[in-house]
Amino acid sequence: MSSSARTGTCLFAAILFFAAAGCGGNSFVGKHYDNFTSYYNTFYNAGQDYENGVDAMESSQQPVDRTRYIGIFGGPPRSGGNVNFQNAIERSANVLRDHPRSKWVDDALILIGKSYFYQENYVGAEQKFREVIAFETGLEEDARIWLARTLMAARAYESAQQHLASSLDREGMSRRSVARLRLALGELFVKQGDFEKAAVELEAGLPDVRSNDLRAKGAFLLGQVYETLERYEEAVEAYGRVFKARPPYELGYAASLSIVRVQGMYLDGVAALDALRRMDRDDKHYDRRFELAYVRGRIYQAQEQPRDALAMYRHILYEGENIGQNIRGLTHYALAELYRDVFKDYLLASAHFDTARTSIPSSSSGSGQAFQYTPEAVTDAARQAEVFAGFANVRNDIARMDSLLELGRLPDEAFDERILALQQQKAEELAEERRRAEQLQAERGFQDAASRTGAGGVGAGSSSTDTGEAGFLYHRDRTRVQEARMNFVARWGERPHVPNWRRIEAVTIALSETDRPGSREGLAGSGSGMDGIGMYALPLIDISDVPRDSLSQVIMEGERALARYELGNVLFLSMNEPDSAAVWYRMVIEKDADAEVAQRAFYALAEVQRSLGDIASAQGIYRQVLSDYPDSDFAARVRIELGLEPVEVFDSLAVALEEYDAAVIRWRRGAYEEALNRMVLIASRYRNMEVAPRALFAAGRIYFEWATSDSLDVFGPLPIELPDSVLARAGILELAAAFPSSADALPAQEQETGTGFPPEDSEEYAIPDTGIVPPEDGVAPQSDLLASADTDMVDLRSVYAGVRTLYPSTTYADRAGDILDMLDQELQALQAPVDSVASDTLAGASLPDSLAGGQTGGIPAVPDEVFFPPEETRFSTDEAPLSPEEAPSPSNETALSVIPSGEFSLYGGGGIQPELGGFTIVLGAHTEREPMEMLVAPYIQQGLRAAVVIGSVNDRIVYRAVLGHFPDEEAAAAALQGLGFMLGQLAESPRVQPLILP
């Protein structure tokens, strides 16, 4: 064998030997082979998938949201690259599984963690980054940065801070990594709201950052932080540093606009406006011209040039096209601020705030953590809209009631003229709308004809296209919609949006025309300028809310006083306008002094003066409140404000009940005049308690019973000897002028003769001498009759009117209304002409059956059905008997007969004394006294000891019918068992109870 052949054979054997020895996984050749195959077969493709996922999310630039603090390192903005990230995770997992000893293991782990991060799988990402850190390879520093980003994205701020602090304390960290860690720590402090520390960390980290993207975002965030700290010069300098990093357009535009805005609003307005003009002339900012105009308006507003700002905002809203929802909302918000702070027009401010709420995106107007939004953000649009909407609603209600009261107080002729003028004005507006609609229709027809001519003819295709553009039922065609509306109005009129509107309007018009035939038609047909259109052709106007009688006017005045007070509260508490609130509180005090809300207005005015720093005026008002309203809810607080000793609180309800029972006892004994005065005094003294309407209602019953028994004039003045202030507080004096008495309403000749009607040949026979010009048909309308009295006399009707007005939600108000209706019917019957009745006929002959049951001396005897209307049961649902669990603890007692010496017994003519203790048999409990008196009356007649015990449960007046007085429970139970045959028919089961419950 030749030498060359021997050399080749040896070389081949050596190659085979080394190949066989190097194929092991731990061999040098094996490792390099594993790294080679794992990278090119798997990890390279995983890296490509990851890069494609990141590119899919960052493929297009998005405008910088200056209302939020910018993120330096960013986060997963959207899930556009989820498929690519999932592929990257799977390929990297293949590397870990198939090549566990390759040098790409830590690269695969960190790539999986990054992919998890962008998939918002923060738990998995944190695990992978910590595994990479544990390897202590060259990727450890990058893994620490990514771990900090992951913890911040997961809102684990405390863990992120600990991790960043420990990372910065490690030795051997590169300057590049330390800079990035400081930027991350600065961003973390921003999220935590610690802006001072954030500024320190950002300033320390920015100089050593190499990435232009990180430097630009870090400088912008630093400018936002300085602006939040109101360090405006440093903020402008920080925003300027953005341009040194060659930022993309969106970030550069945001920095430029932020510089202009901060300069203009806080530093140099002239220089800012010059810079803004340069930006406006730059073509690349053309699409942002309306945003630049908005910032210009903001600078004008900050420089106290409201007229220029107003003109700029109007230019944006009314002359711009394609403004954008966000800029439109911000402009409305700025206008609202102008009207609120400069022009003091809160109604217009309310309208603009409401529009801003619907236009500003929720990212700016929604609720959230305070540190998430920059000073530039508008975060209170919804709240401001709600506050000013409350103001607008109350203010409009007041204006509406002012107008209605002004209309209601007009004489009939002036009222008709005003309504006719409104009808004519509305008809002219409708005619103008019709004219404009016809003009639009003509213009559209001309344009359609021109377009068809230009197209070379008319075809079916154009018609179908036209219909398609107009939409279903032509709802997009404004001309056709307006034409349809005009046709509807011409056919049906401007009808009210209520049920049965045809019948309501017909009755209203018919009644008004009956009193003055031809009045409105004559006005409408002659000299009205409406070409002889009759009133029935004019649009209908709803006048049902106009208060035409005195009682309705009094009720509306009370509602207006309350609305004025509420408006003051909105201004003071919600809008922080104490000066304006004081104006409305004073209006309530001066113009509605008799209203119950006046005392609250006094106290609120004192609070306003105190908030303004005028302590002397506030204390003066406090003293007036304490003097004029010593029993009000504010008296205790006023005494604290004045540094006075608190007064001892006593049970005023118990005192009121005692006084009421004392008045009832005098009523039962026949002392009508004393009982009447006591009841009115109770209604005045305890006006805000449940006993007040009951006492006032009882006063009316007392007088009617007195008039029936002593032949008094039911419609005459009440013999009340109390000051006018007491009567006014009781609620009957201020209403007296609305109800004529018999002395004022009946003719003079009738007063002299004392008969029910004047003679038939009397001049006053058909027309009462009330000082009002009679209508042409000779019958006075009821509302005119009630409003015709000119007297301050208190009579029976004014008492019941007070019950109905002051306590409308009680059952007494409904009963008082029924009584008033019957008394009105009787008064009209007394005044109506009667052809077949002689002049000396009793008034009762003409009364309704319900009132003419019995008479004494010409006075109708009104039965109980008047006080308890037939349609009601004697005991309403609200007055149902109490259950045993609700039985009250008696505060005192009132017996029907004389109280004995205090013996415990079942029999005897005496009453029961609860203060002696012991037990009793409870027959029933009720919120009305009369049913309980009726319940115990038969037992008293049989010689049993029975009484009505009064008490209260949850501020409700409650009466218990009790039988017997026993020393212990066993004696009472034995007596109850022995009386079983007598008590079996009771509605409630009798039970034994202590007279004084625990």
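The numbers here are math on the coordinates, done by the rules we state, and not lab data. These figures come from a predicted structure and were not determined experimentally. Here the Cβ positions follow ideal geometry from the backbone for every residue, glycine too, while neighbour counts run over all protein chains shown.
Results, tabulated for the structure shown:
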{"read-out": "Largest-first ellipsoid semi-axes for segment 269-340, taking √(5λ) over the Cα gyration tensor eigenvalues, angstrom", "value": "19, 16, 8"}
{"read-out": "Candidates per GluC sites (Glu not before Pro) in segment 554-660, loop by DSSP, up to 10 other Cβ within 10 Å", "value": "E648"}
{"read-out": "Relative packing of 264-273, 142-151, which averages over residues the other C-beta atoms within 10 Å, highest first", "value": "142-151, 264-273"}
{"read-out": "Average Cα contact separation per residue, segment 74-167, under 8 Å, 6 or more apart, as relative contact order %", "value": "23"}
{"read-out": "Calculated FRET efficiency for the pair E234/E645, C-beta based, R₀ 41 Å, to 0.05", "value": "0.10"}
{"read-out": "Label-point separation, Y44 to D710 (7 Å along Cα→Cβ), nm", "value": "12.1"}
{"read-out": "DSSP-assigned coil residues among GluC sites (Glu not before Pro) in segment 228-300, each with at most 13 further Cβ atoms within 10 Å", "value": "E230"}
{"read-out": "FRET efficiency estimate (nearest 0.05) - Cβ-Cβ, R210 to S159, R0 41 angstrom", "value": "0.90"}
{"read-out": "Full-stretch length increase - D542, Q825 - with 0.36 nm per residue and alpha-carbon distance subtracted", "value": "99.1 nm"}
{"read-out": "Kirkwood-Stokes translational diffusion coefficient of segment 577-642, alpha-carbon pairs, 37 °C, 0.692 mPa s, µm²/s", "value": "281"}
{"read-out": "Mean Cβ neighbour count within 10 Å, used as a protection proxy, ranking 711-717, 427-433 highest first", "value": "711-717, 427-433"}
{"read-out": "Separation of the A654 and R281 label points, Cα + 7 Å toward Cβ, nm", "value": "8.9"}
{"read-out": "Packing-based ranking, highest mean first, of 719-730, 922-933 given that Cβ atoms within 10 Å are counted", "value": "922-933, 719-730"}
{"read-out": "Per-residue HN-Hα couplings for segment 96-107 [Karplus 6.51, -1.76, 1.60; θ = phi - 60°; Hz; x = Gly/Pro]", "value": "5, 7, 8, 9, x, 9, 6, 6, 8, 5, 5, 5"}
{"read-out": "Mean Cα-pair separation over length for segment 577-642, i.e. relative contact order, pairs under 8 Å, 6 or more apart, %", "value": "26"}
{"read-out": "Three-way shape call for segment 323-445 based on the alpha-carbon gyration tensor, with the a/c threshold at 1.5", "value": "oblate"}
{"read-out": "Extension gain from N688 to D65, taking 0.36 nm per residue of separation minus the Cα-Cα distance", "value": "218.6 nm"}
{"read-out": "Share of alpha-carbon pairs per 5 Å distance bin for segment 170-326, given as whole %", "value": "2, 9, 16, 17, 18, 13, 11, 7, 4, 2, 1, 0, 0"}
{"read-out": "Anchor K128: lysines whose Cα lies under 23 Å away (excluding residues fewer than 8 positions away in-chain)", "value": "K103, K114"}
{"read-out": "Of K191/K244; K344/K426; K191/K217, those spanning more than 22 Å from alpha-carbon to alpha-carbon", "value": "K191/K244; K344/K426"}
{"read-out": "Förster radius 45 Å - calculated FRET efficiency between A431 and E120, Cβ distance, rounded to 0.05", "value": "0.10"}
